[in-house]
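The values are calculated or read from the model by the stated rules, or taken from the named source; none is laboratory data. Predicted, not measured: the structure shown is a model, and the values here were computed from it. Here the Cβ is made from the backbone with ideal geometry for all residues, glycine too, and neighbour counts use every protein chain on show. SASA here: full protein model, heavy atoms, side chains in, ligands and nucleic acids out. Shrake-Rupley method; radii C 1.70, N 1.55, O 1.52, S 1.80 Å.
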Amino acid sequence: MAGMAKMQKYSQAKKNTSKVEEPLSSYLPAKKPVAVADYTYKKLKKIADMVPFTQSEWANMLHLSERTLQRYAKNNSLFEGIYTDRILLLQEMIELGLETFINADTFYSWLKKEKQVLGQSLSFESLYSDRGIQEMIDQLSRIQYGVYT
């Protein structure tokens, strides 16, 4: 019986001490939630004002005609989800680029130069696809960590 009481004490103590009560979210970087349905041209304009991209370049990156982009501007229209996703990816790249290069013109010049990265070519036209934008983000991260290739 004494052994049984000892076993119960041990199992209760073990049960109470093996569980971690910390929330995982405290270890994750905080990101602002984005309402994809509420993404207007004014929000794009705030991003566009950060870098010297032309309207033609923005239109190409978003796969829109310049005229359609002008209509979005005139009416402050809401972007469809597919365009919002691309804008958010571009915003991530722009913010990382400005953090890396500090100056918007220097960042823009870097984007305009042809780069050989891990055996493939990256150019400004790479920004016309999600994959190309992500590769630019990856390259900017490498630069920040000092593993520029």
Residue 113 label point, 7 Å along Cα→Cβ, cut-off 18 Å on backbone N: hits in region 50-78? 52
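Give, rounded to the nearest 20 debye, the magnitude of the charge dipole that region 30-138 has about its Cα centre when Lys and Arg contribute +1 at Cβ and Asp and Glu contribute -1 at Cβ.
On the way: 14 positive and 15 negative charges, 82 e Å.
For this selection, approximately 400 debye.
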Return the loop-located GluC sites (Glu not before Pro) in region 93-149 (DSSP other than H, G, I, E, B) with at most 10 other Cβ atoms within 10 Å of their own Cβ; answer none if there are none. 114
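Taking a quarter of the surface of the Cα convex hull of region 67-107, what do you get in nm²?
On the way: hull surface 14.6 nm².
Over all viewing directions, region 67-107 projects a mean Cα-hull area of 3.6 nm².
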For region 115-130, in residue order, the Karplus 3J(HN,Hα) values (coefficients 6.51, -1.76, 1.60; θ = phi - 60°; whole Hz; Gly and Pro = x) are 10, 9, 10, 6, x, 10, 8, 10, 9, 4, 5, 4, 6, 8, 9, 4
So who's got an amide H within less than 5 Å of the one on residue 117, skipping anything under 5 residues away but keeping other chains? H placed 1.01 Å off N, in plane. 122
Carbon and sulfur atoms: what percent of the 1.4 Å accessible area of region 78-125 do they account for? 50 percent
Backbone HN-Hα couplings from phi across region 70-85 [Karplus 6.51/-1.76/1.60, Hz, Gly and Pro as x]: 5, 5, 4, 5, 4, 9, 6, 5, 7, 7, 6, x, 4, 6, 4, 4
Cα convex hull of region 42-149 - mean projected area over all directions, nm²: 6.4 nm²
